[in-house]
Amino acid sequence: QPRVLGFALAAVIALLVVGGGFGLYTQMGAPGYGDVPLKARLARAEEALKSRPSQATIEARIPPQAAPDATPQYQALVERLRKAVETRPDDIQGHVLLTRSEAALGNFSAAYKAQSQVIRLKGDAATAKDFTDLADMMILAAGGYVSPEAQAVLEQALSRDPDNGVARYYGGLMMAQVGRPDVGFRMWNKLLRESSA
């Protein structure tokens, strides 16, 4: 009698474990979704990294954003600055001011174009911060997407300063966007541990 009771109890426990596992899987799992081995996931992520859409493609998909509240006087000043920079394309200070002004208006595409002129004019004197400012505005113009063009700019920043936090952060974001959150997490975790409080 105790032996039959033990078998019955074991059968009930096994049924609960199997039934509970199946119930959890239907709630939290992906029924009907085939197994995706690690090798296939890594290959898919590598392909996603190589075949990402360009900066221009993503920007074309972004719906127009509402302009921040800016006074008509400020907008008129920015328009005058745009015209002044057009007539003096080698005025580095004009491009610096235009970059800030366009960014303040939420015109990130125009802002990164002005920042690219700052870098062109600075030449070899361009700093890692100049490049991360450019990448930051490119990524904002693309709605948070790290394009291949922004990646190239981030690599320029890292070649000048391998510890640059902004470039390292966006590098982790790019890896998360292409299906490698594990790499992104390691990059961010290292950045967090090495950053000041």
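The values are calculated or read from the model by the stated rules, or taken from the named source; none is laboratory data. Keep in mind that this is a model prediction, so the values were computed, not measured. Reconstructed Cβ throughout: ideal geometry from the backbone, glycine too, with neighbour counts over all protein chains shown. Areas reflect the complete protein model, heavy atoms only, side chains present, ligands, DNA and RNA absent. Shrake-Rupley method; radii C 1.70, N 1.55, O 1.52, S 1.80 Å.
Please go through the stretch 59-104 and give me each residue that is open to solvent by 70 Å² or more (accessible area, probe 1.4 Å), over 30 Å from Lys122 (Cα atoms) and of a type in the set (Val, Ile, Thr), ordered by number.
Thr71
From the residues in the stretch 68-99 that are among the small types (Gly, Ala, Ser) and part of a helix (DSSP H, G or I), which one is modelled with the lowest pLDDT?
If we take residues in the stretch 68-99 being among the small types (Gly, Ala, Ser) and part of a helix (DSSP H, G or I), then Ala76 is modelled with the lowest pLDDT.
Against the definition (of a type in the set (A, V, I, L, M, F, W, C) and not in a helix (DSSP H, G or I)), how does Ala43 come out, yes or no?
No.
So, in the stretch 164-191, exactly how many residues are outside any helix (DSSP H, G or I) and modelled with pLDDT of 95 or more?
Number of matching residues: 1.
For the stretch 33-45, indicate whether the set of residues that are touching a Lys or Arg at 6+ places or on another chain (Cβ under 9 Å), open to solvent by less than 50 Å² (accessible area, probe 1.4 Å) and in contact (Cβ under 8 Å) with a residue 12 or more places away in the chain is non-empty.
Among the residues of the stretch 33-45, at least one is touching a Lys or Arg at 6+ places or on another chain (Cβ under 9 Å), open to solvent by less than 50 Å² (accessible area, probe 1.4 Å) and in contact (Cβ under 8 Å) with a residue 12 or more places away in the chain, which makes the answer yes.
Yes or no: Lys129 more than 23 Å from the chain's Cα centre (by Cα), at pLDDT 95 or above, assigned to a helix (DSSP H, G or I) and more than 17 Å from Ala56 (Cβ to Cβ)?
Against the criterion (more than 23 Å from the chain's Cα centre (by Cα), at pLDDT 95 or above, assigned to a helix (DSSP H, G or I) and more than 17 Å from Ala56 (Cβ to Cβ)), Lys129 does not qualify.
Report yes if Ala56 is at pLDDT 85 or above, assigned to a helix (DSSP H, G or I), under 25 Å from Pro148 (Cβ atoms) and open to solvent by 50 Å² or more (accessible area, probe 1.4 Å), otherwise no.
Answer is yes for this residue.
Take Ala30 and decide whether it is under 30 Å from Ile139 (Cα atoms) and open to solvent by less than 60 Å² (accessible area, probe 1.4 Å).
When the stated conditions are applied, Ala30 does not pass them.
Would it be correct to say that Gln115 is in contact with a Leu (Cβ under 7 Å, 6 or more places away or on another chain) and closer than 24 Å to Ala70 by Cβ?
Considered against the rule, which asks whether it is in contact with a Leu (Cβ under 7 Å, 6 or more places away or on another chain) and closer than 24 Å to Ala70 by Cβ, Gln115 comes out as yes.
Please go through the stretch 170-197 and give me each residue that is of a type in the set (Ser, Thr, Tyr) and either crowded, with 19+ Cβ neighbours inside 10 Å or in contact (Cβ under 8 Å) with a residue 60 or more places away in the chain (or both), ordered by number.
The answer is Tyr170, and nothing else.
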